[in-house]
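See below for the structure under consideration.
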Amino acid sequence: MLELILIRHGQTDSNKRRTYVGWTDVELNEEGIRQARNLKEKLKNLSVDKIYSSPLKRARKTAEIINENFNLDIHYDNNLKERNFGIWDDLTDDEIKKLNEKEYNAWQKDWKNYPVKGGESGMDSYERVIKFTENILNSFDSGRILIVSHLGTIRFMLSYLLGMGIEGSWRFRLDNCEMAKIQVTDGYGILTSLGK
């Protein structure tokens, strides 16, 4: 059996502002560092075989702090990045609406297929994340793997592994430095834990 532990990065100032922070490379804030240290303590008695992380600073730093327990090589993968929100990256809903409310409404209505200028559609991001997920499933049939990433990325992984498709991704909620645990056997996932 393969166990995947999907960890959302610690808090950033952009998270506090409730922006659509995608590929903008923001740092953890003090609270985010504290959250990562607390999670490190929580995971200290766990055995882990591999660690993967988004290369963005907020995920990278979270992974580095947690890895102080394990001293493993961290494998950084661009497919674990958050969705690229293009010209709307790191803006709030209100800020986006002020720029172009008509375009914002079209995006909200068809988030799966509507590509933000300079960014990705939901489906573009989903397919990128699934590429990573399938690579993991094809490479491992047992062990425990930590994956440090972003809310959107984790939602897509969970919805794929649980057979829910992209539409099911909105059913999952993780706060900063919370995790989801999923057991995978023969390509089928069972969610064993979500949240704290």
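The values are calculated or read from the model by the stated rules, or taken from the named source; none is laboratory data. For clarity, every value in this text was computed on a predicted model and none was experimentally measured. As a convention, Cβ positions derive from the backbone with ideal geometry for all residues, glycine included, and neighbour counts pool all protein chains shown.
For the stretch 153-170, the set of residues classified as in contact with a helix residue (DSSP H, G or I) (Cβ under 8 Å, 6 or more places away or on another chain) and under 26 Å from ARG60 (Cα atoms) consists of THR153, ARG155, PHE156, MET157, LEU158, SER159, TYR160, LEU161, ILE166, SER169, TRP170, listed by residue number.
Name the residue, out of ILE166, ILE96, ILE136, ILE87, that is touching a residue at least 24 places away in the same chain (Cβ under 8 Å), touching a Ser or Thr at 6+ places or on another chain (Cβ under 9 Å) and among the β-branched types (Val, Ile, Thr). Matching residue, one of ILE166, ILE96, ILE136, ILE87: ILE166. Applying the criterion of being in contact with a Gly (Cβ under 9 Å, 6 or more places away or on another chain) and among the charged types (D, E, K, R) to the residues of the stretch 111-124, the residue that is surrounded by the most Cβ atoms within 10 Å (Cβ to Cβ) is GLU120. One residue stands out in the stretch 12-51 among those that are of a type outside the set (A, V, I, L, M) and surrounded by 21 or more Cβ atoms within 10 Å (Cβ to Cβ): the one that is farthest from ILE136 (Cα to Cα), namely THR19.
Which residues, counting only those in the stretch 86-113, are in contact with a helix residue (DSSP H, G or I) (Cβ under 7 Å, 6 or more places away or on another chain), assigned to a loop (DSSP other than H, G, I, E, B) and under 13 Å from THR19 (Cβ atoms)? Across the stretch 86-113, the qualifying residues are ASP90, THR92.
Of the residues ARG155, ARG144, ARG173, which is at pLDDT below 95 and of a type outside the set (Asp, Glu)? None of the others qualify; the one that does is ARG173.
Just so you know, in the stretch 12-53 the residues that are charged (D, E, K, R), without any contact (Cβ under 8 Å) to a residue 40 or more places away in the chain and in a loop (DSSP other than H, G, I, E, B) include one that is farthest from GLU68 (Cα to Cα), and it is ASP25. Condition check: hydroxyl-bearing (Ser, Thr, Tyr) and crowded, with 16+ Cβ neighbours inside 10 Å. Does SER139 satisfy that? The answer is no for SER139.
For the structure I just gave you, tell me whether GLY168 is over 14 Å from the mean Cα position of the chain (by Cα) and within 20 Å of ASP49 (Cβ to Cβ). Criteria not met by GLY168. Scanning the stretch 142-181 for residues that are β-branched (Val, Ile, Thr), outside any helix (DSSP H, G or I) and surrounded by fewer than 22 Cβ atoms within 10 Å (Cβ to Cβ) turns up just one, ILE145.
Residues being assigned to a loop (DSSP other than H, G, I, E, B) and either within 22 Å of SER47 (Cβ to Cβ) or in contact with a Leu (Cβ under 6 Å, 6 or more places away or on another chain) (or both): count how many of those fall in the stretch 116-141. Walk me through it before giving the result.
Start the filter on the stretch 116-141 by keeping residues that are assigned to a loop (DSSP other than H, G, I, E, B), which leaves 116-121, 140-141.
From what's left, either within 22 Å of SER47 (Cβ to Cβ) or in contact with a Leu (Cβ under 6 Å, 6 or more places away or on another chain) (or both): 140-141.
Going through the stretch 116-141 one residue at a time, the tally reaches 2.
In a residue-by-residue description of the stretch 8-30, the property of being within 22 Å of ILE190 (Cβ to Cβ) and either among the hydrophobic types (A, V, I, L, M, F, W, C) or touching a Cys at 6+ places or on another chain (Cβ under 7 Å) (or both) applies to at least one position. Scanning the stretch 51-87 for residues that are charged (D, E, K, R) and under 16 Å from THR133 (Cα atoms) gives ASP77, LYS81, GLU82, ARG83.
Whether any residue in the stretch 53-76 is more than 17 Å from the chain's Cα centre (by Cα), on the phi > 0 side of the Ramachandran plot and of a type in the set (S, T, N, Q) is what I want to check. Scanning the stretch 53-76, I find at least one residue that is more than 17 Å from the chain's Cα centre (by Cα), on the phi > 0 side of the Ramachandran plot and of a type in the set (S, T, N, Q), so the answer is yes.
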